[in-house]
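Here the structure comes first, spelled out in structure tokens, and everything after it is commentary.
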Amino acid sequence: RRKRMAFQLSTAVRNATLSAIETTVGTTPILTISTDSPPTDCSTANTGTVLATMSLPADFMQNPASGVVQLSGTWQDLSADASGTAGHFRVFDSTGTTCHMQGTITATSGGGDMELDNTNIAVGQQIQITAFTITAGGA
């Protein structure tokens with residue numbers, strides 16, 4: 001019987017994998033912030049109430065380094081669409097029809113997949129994403 005070990009990827013492969021995310025999603029994607037937990041997966045209809053919708057910068061992710069990529073530029077909505085407590089986010093293509101990423105959202109330093117300045121959102125409030133980092137597996 002063969003003993004199995006976890007596979008590992010070089011830093012170059014991990015960085016290329018992360019670069020493919022921005023290439024696939026495309027320029028100026030749309031980010032939504034909603035109440036409740038994320039749906040089962042990106043192909044499932046959204047859950048909760050959409051609190052904010054924002055267009056991300058054309059180059060929305062930094063260049064990957066050491067198998068890690070972070071947000072680039074300013075991710076903000078100047079006027080929230082609805083009131084509620086943020087629970088999850090989704091990133092769509094520029095048409096807003098194809099979901100490519102989703103995850104949990106918490107306040108800054110809260111440990112969510114994405115962090116924002118305030119999870120208790122009021123209609124018309126300005127919203128700022130403070131942290132978003134993706135680490136490629138296989139290290």
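Listed values, structure above:
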| read-out | value |
| --- | --- |
| Accessible surface of the chain [probe 1.4 Å, protein heavy atoms]: carbon and sulfur percent | 50 |
| Unit charges on C-beta of K, R, D, E only; dipole of the chain, Debye | 960 |
| Degrees between helix 11-25 axis and first principal axis of the chain (Cα, 0 to 90, nearest 10) | 40 |
| Per residue accessible area in Å² of region 32-139, where ligands, DNA and RNA are left out and the probe is 1.4 Å | 46 |
| Structure-based [θ]222 nm, the chain - -39500 (n - 2.57) summed over DSSP H runs of at least 4, per residue, nearest 500 | -3500 deg cm²/dmol |
| Given charges at beta-carbon only (K, R positive; D, E negative), |dipole| of region 55-125 in Debye | 80 |
| Computed magnitude of the charge dipole of region 1-63 (debye, nearest 20; Cβ of K, R +1, Cβ of D, E -1) | 760 |
| Given charges at Cβ of Lys, Arg, Asp, Glu: the chain dipole, positive-most of A86, T104, T49 | T104 |
| Neighbourhood charge, 11 Å Cβ-Cβ cut-off, centred on P64 and excluding it, Lys, Arg +1 and Asp, Glu -1 | 0 |
| Positive minus negative residues near T32 (Lys, Arg vs Asp, Glu; Cβ under 15 Å) | -4 |
| Surrounding net charge for I105, when Lys and Arg each add one and Asp and Glu each subtract one, Cβ distance under 12 Å | -3 |
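The values are calculated or read from the model by the stated rules, or taken from the named source; none is laboratory data. None of these values were measured; they are calculated from a predicted model. All Cβ positions, even for glycine, are placed from backbone atoms using ideal geometry, and neighbour counts span all protein chains on display. SASA here: full protein model, heavy atoms, side chains in, ligands and nucleic acids out. Shrake-Rupley method; radii C 1.70, N 1.55, O 1.52, S 1.80 Å.
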